[in-house]
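The values are calculated or read from the model by the stated rules, or taken from the named source; none is laboratory data. Keep in mind the model is a prediction, meaning the values are calculated, not measured. Note that we place each Cβ from the backbone using ideal geometry, even for glycine, and neighbour counts take in every protein chain shown.
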């Protein structure tokens with residue numbers, strides 16, 4: 001083989017072309033290097049270009065190829081493809097779920113700053129490092145936001161190319177009718193007394209379906225010219241395809257998931273949630289300072305709160321009296337008056353799981369209990385504390401626990417802490433005091449007394465329902481037991497150790513309700529996108545991909561019946577993947593044709609089975625029946 005017969009791509013060493021060895025030089029002739037031109041001529045260069053001096057460098061100087069460098073653009077393209085791959089998207093979704101775990105395990109500063117402070121005090125070493133990395137405000141931490149944004153970018157990168165490809169595929173027409181139907185997994189053949197045009201029209205109408213604006217199949221009708229050389233008459237064809245809604249549902253699912261991420265992020269930025277405890281006859285205003293606890297998103301503005309107010313007129317509680325469900329709650333109703341910014345007022349009722357809407361926020365009835373009105377005078381006779389104290393129920397009988405923290409109003413006196421129980425229907429025996437019914441039939445306060453420094457002057461937030469007695473001195477009796485003070489409505493009892501007196505106000509014991517106010521502007525969108533994701537997933541899972549073809553022609557009747565000619569119909573179907581309903585689809589097409597016998601005739605012969613060789617991995621025709629040969633298409 002001569003040099004001019006060899007193909008040598010530019011920049012590729014001749015070693016890759018494997019030239020045949022040339023004969024040695026004749027006697028008296030000097031050998032020339034491989035690829036050099038004969039004496040008196042210059043070596044030709046490809047395409048008339050000069051030899052490239054960098055060829056040897058690109059081949060490593062020893063005939064070994066070297067991969068080209070990616071460069072900045074290639075590196076960025078590689079990173080983008082990795083980020084937008086489905087594998088990375090699934091990894092980010094899993095990583096986001098794992099990253100949310102610390103937000104459920106560790107106390108979070110926006111929800112419970114006191115619990116975070118307690119954790120830092122109990123775990124000074126670990127707590128400091130956790131605080132540095134944002135584990136006490138997980139959902140606003142940079143690392144959680146980075147995962148969230150990367151997942152968002154990954155979804156966008158996955159969706160946009162698939163949407164473009166899907167829109168192009170939707171505009172395509174169904175594939176043309178294959179030449180042979182014998183290798184398809186679903187097929188049928190029948191005859192009809194109708195003309196080929198009537199059969200084609202009926203088949204196309206059936207495949208399109210009854211809903212004109214949303215056809216079941218996309219249908220193309222065509223004509224195959226006669227082939228006298230092969231003895232084939234003119235044939236009418238129908239090509240139909242369905243299943244593009246499957247990819248549409250898949251895209252709707254991913255778009256809804258993307259919208260869900262945006263909606264959740266928007267809600268986290270703009271939402272607010274507050275809890276307020278209101279006693280009967282009193283109320284609160286919709287202002288941040290009036291909430292007992294309040295949390296909000298980073299873009300929330302206090303000025304966006306609608307300035308309405310609310311008063312708890314009364315609270316009705318019903319409990320069962322029968323022996324089967326004794327003392328079980330039946331109904332809770334909070335009767336409130338809502339005053340709007342325009343001066344109008346409305347009477348509303350809040351029940352469990354039946355919130356009301358005021359100022360754009362939903363108001364839920366979260367809890368209820370008793371708030372006895374207590375007045376405490378110190379040893380100097382000064383009023384050290386006066387007000388209603390909420391007691392938290394601990395059982396169905398409303399045995400409620402509460403704390404009273406009394407500051408040192410007079411110089412030189414200790415602060416006083418009272419902790420104990422409120423019993424709506426008290427019963428005292430040798431074991432002690434207990435409540436026997438949730439309604440306030442015989443109310444009683446049972447309190448223990450402590451004195452010392454309660455930490456009220458340190459400026460640190462405290463839980464009003466908890467009293468730390470580790471550094472306090474309890475009041476003891478002569479036997480060394482802690483003194484318990486029993487106070488009934490209308491009574492004034494001396495506190496032990498000369499600490500003062502306590503008065504339980506007479507009359508009905510006031511009740512309180514715990515209200516939860518929530519405002520999230522993205523809730524409606526979250527619902528819409530969640531339903532869209534479910535609908536898209538259902539469409540993607542249950543929409544089959546099917547193709548159906550018909551070939552119709554007219555021929556002479558072999559039996560010479562009443563009509564000298566008959567119409568032959570051959571139908572075939574193909575599905576992407578396993579589809580148990582494909583043959584039924586083909587049979588329904590045959591049944592919709594006019595002039596066909598009641599029962600479709602079977603094909604003229606058994607379906608052809610592909611020939612296999614011992615070295616072929618396919619053992620029968622069924623293994624590849626859903627993939628016709630290229631020549632059949």
| said: For the stretch 286-301, check the following and say yes or no: at least one residue is in contact with a helix residue (DSSP H, G or I) (Cβ under 8 Å, 6 or more places away or on another chain), touching a residue at least 40 places away in the same chain (Cβ under 8 Å), surrounded by 14 or more Cβ atoms within 10 Å (Cβ to Cβ) and over 30 Å from residue 393 (Cβ atoms). | reply: no
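Every residue, every condition in (1) within 30 Å of residue 245 (Cα to Cα); (2) modelled with pLDDT of 85 or more, yes or no:
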{"residue": "554", "(1), (2)": "no, yes"}
{"residue": "559", "(1), (2)": "no, no"}
{"residue": "577", "(1), (2)": "yes, no"}
{"residue": "585", "(1), (2)": "yes, yes"}
{"residue": "588", "(1), (2)": "yes, yes"}
{"residue": "610", "(1), (2)": "no, no"}
| query | Given (1) assigned by TED's automatic domain parsing to the domain that holds residue 491; (2) touching a residue at least 60 places away in the same chain (Cβ under 8 Å); (3) closer than 25 Å to residue 515 by Cβ, where does residue 364 come up short, assuming only one miss? | reply | (1)
| Conditions (1) under 41 Å from the mean Cα position of the chain (by Cα); (2) at pLDDT below 90; number of the one not met by residue 380 | (1)
| request: May I ask you to verify whether residue 252 is touching a helix residue (DSSP H, G or I) at 6+ places or on another chain (Cβ under 6 Å), without any contact (Cβ under 8 Å) to a residue 40 or more places away in the chain and over 15 Å from residue 360 (Cβ atoms)? | output: no
| said: I'm trying to understand the selection: among the residues of the stretch 162-200, which are in a helix (DSSP H, G or I), more than 21 Å from residue 547 (Cβ to Cβ) and either touching a helix residue (DSSP H, G or I) at 6+ places or on another chain (Cβ under 8 Å) or outside the structural domain of residue 218 (by TED's automatic domain parsing) (or both)? | reply: 162, 163, 164
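Just to be sure before I move on: is residue 483 touching a helix residue (DSSP H, G or I) at 6+ places or on another chain (Cβ under 6 Å) and within 30 Å of residue 418 (Cα to Cα) in the structure I sent?
Numbers: touching a helix residue (DSSP H, G or I) at 6+ places or on another chain (Cβ under 6 Å): yes; within 30 Å of residue 418 (Cα to Cα): yes.
Yes, satisfied.
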| Among 419, 449, which is the only one that is in contact with a helix residue (DSSP H, G or I) (Cβ under 8 Å, 6 or more places away or on another chain) and in a strand (DSSP E or B)? | 449
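Filter the stretch 318-336 down to the residues that are outside any loop (DSSP other than H, G, I, E, B) and under 39 Å from the mean Cα position of the chain (by Cα), then identify the one that is surrounded by the most Cβ atoms within 10 Å (Cβ to Cβ).
Filtering the stretch 318-336 for residues that are outside any loop (DSSP other than H, G, I, E, B) and under 39 Å from the mean Cα position of the chain (by Cα), the one surrounded by the most Cβ atoms within 10 Å (Cβ to Cβ) comes out as 334.
Would you say residue 387 is in a strand (DSSP E or B) and at positive phi? Talk me through it step by step, then tell me what you get.
Numbers: in a strand (DSSP E or B): yes; at positive phi: yes.
It is true that residue 387 is in a strand (DSSP E or B) and at positive phi.
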| query | Where in the stretch 18-133 are the helices (runs of 4 or more DSSP H), entirely inside, with at least 1 residues that are touching a helix residue (DSSP H, G or I) at 6+ places or on another chain (Cβ under 9 Å) and at pLDDT below 80? | reply | 86-99
